[in-house]
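Peer 1: Below is a structure I'd like to ask you about.
Rule-based calculations on the coordinates, nothing more; no lab input. Just so we're clear, the structure is a prediction, and the values are computed from it rather than from any experiment. Note that we place each Cβ from the backbone using ideal geometry, even for glycine, and neighbour counts take in every protein chain shown.
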Amino acid sequence: MSDIFLNPENNEVKISELINRFDLEVVNLSDEKKESTTIRTSELNRPGLQLSGYFDYFYNGRIQIIGKSEYYYFYDMPIDKKRRIIEKYFSKDFPILIFSHGVPVEEPFLELASKYDVPILKTDKGTTSIMNKLSYYLETRLANSERIHGVLVEVFGVGVLIKGDSGVGKSETALELVQRGHRLVADDSVIVRSIDETRLVGTSPELIRHFMEIRGVGIIDIKAMYGAGAVRYDKDIDMIVYLEEWDQNKYYDRIGVDREREDLLGVELPKTTIPVKPGRNIAMIVEVAAMNYRQIVAGYDSALEFTKNLERITMENK
């Protein structure tokens, strides 16, 4: 996936961002509107009802998209009725009107767009295609976000958020994972966005993207050193791994039945606590934790299977 978080800490989208992102042609756009108009909702509207003259329940904060269906319905309408409807439509002060499928922008639209200073953009892409892409992009860009201190890596396709106290070895673990063929998303600071009630996506602040700090070495560029295949721009967060210094007085689950979970932006994520001490290969343990997560998602839980077998053997011995 390409970089969807062009400005990940800003929960509004400017027109210029959409123009650049989706290669939209500018038909009508004043300098003032280019700087002042922002999008704050991911909902889109195809104004079929409005072009027929029905304006009840019209929400003017949405991007408007006119495709072939709306255009050809409106094409044969008497000019006086057409102008009356368009004038009322533009008076609703919506942020942007996009013509899709390469349909022409007729004179009444151009004239009244200039009168009401409404930006008009155009694309040759199909209506369904541009709507799906716009909707996904806006949902992601406008989602609630939080900056987390940690490291985000992709391990066997699993998004692993590594947390822990400063100096515990998060970056060193991520670096070894990259050397083992996995991918870095963010080091030290992770911007987490809540896409819906069950999905979180993480990315890196633009300034430090692809960079990693290794104590004793300094700042290194992972993309330059290991290639484009060693990094990702963003990744769904599937699980949390918490690294902590080994505490001899603390009980650590040895079977895996006692599952931890952590709430992050309202989403409950499975959490694995890994005690760190000399001689333990933490990167390998993170790999195992990711593979175990994949097995559980696929329907096989080794800890539960072990417990069932233990109970069965115990009952047989009795």
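Peer 1: Tell me which residues, restricted to the range 184-237, are over 18 Å from T173 (Cα atoms) and in a loop (DSSP other than H, G, I, E, B).
Peer 2: Residues satisfying the conditions are E197, T198, P205, G227, Y233.
Peer 1: Additional query: Looking at the range 151-182, which of its residues are touching a helix residue (DSSP H, G or I) at 6+ places or on another chain (Cβ under 9 Å) and at positive phi?
Peer 2: F156, G157, G164, G169, G181 - these are the residues of the range 151-182 that are touching a helix residue (DSSP H, G or I) at 6+ places or on another chain (Cβ under 9 Å) and at positive phi.
Peer 1: Conditions first: (1) touching a residue at least 24 places away in the same chain (Cβ under 8 Å); (2) over 20 Å from L161 (Cβ atoms); (3) surrounded by 15 or more Cβ atoms within 10 Å (Cβ to Cβ). D238 passes all but one, so which condition is the exception?
Peer 2: With (1) touching a residue at least 24 places away in the same chain (Cβ under 8 Å); (2) over 20 Å from L161 (Cβ atoms); (3) surrounded by 15 or more Cβ atoms within 10 Å (Cβ to Cβ) applied to D238, the lone miss is (2).
Peer 1: Residues of the range 127-180 being of a type in the set (D, E) and in a helix (DSSP H, G or I), which ones?
Peer 2: Listed by number, the residues that qualify are E139, E172, E176.
Peer 1: May I ask you to list pairs of residues, at least six apart or on different chains, whose Cβ atoms are under 7 Å apart, with the first in the range 104-116 being within 18 Å of K92 (Cβ to Cβ) and the second being among the basic types (K, R) and part of a helix (DSSP H, G or I)?
Peer 2: P108/K82; P108/R83
Peer 1: Select from the range 28-70 the residues that are over 30 Å from the mean Cα position of the chain (by Cα) and among the aliphatic types (A, V, I, L, M) and write down the one among them that is nearest to S114 (Cα to Cα).
Peer 2: L51
Peer 1: Just the residues that are of a type in the set (G, A, S) and buried (at least 18 other Cβ atoms within 10 Å of the Cβ), please, taken from the range 92-126.
Peer 2: S100, A113
Peer 1: Quick one: count up the residues across the range 241-299 that are free of Cβ contacts under 8 Å to residues at least 40 places away in the same chain, in a loop (DSSP other than H, G, I, E, B) and over 19 Å from F156 (Cα atoms).
Peer 2: Qualifying residue count for the region: 15.
One line per residue, one yes/no per condition, for (1) surrounded by 17 or more Cβ atoms within 10 Å (Cβ to Cβ); (2) touching a Pro at 6+ places or on another chain (Cβ under 6 Å); (3) without any contact (Cβ under 8 Å) to a residue 12 or more places away in the chain:
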residue	(1), (2), (3)
F156	no, no, no
K163	yes, no, no
T173	yes, no, no
R180	no, no, no
T203	yes, yes, no
E213	no, no, no
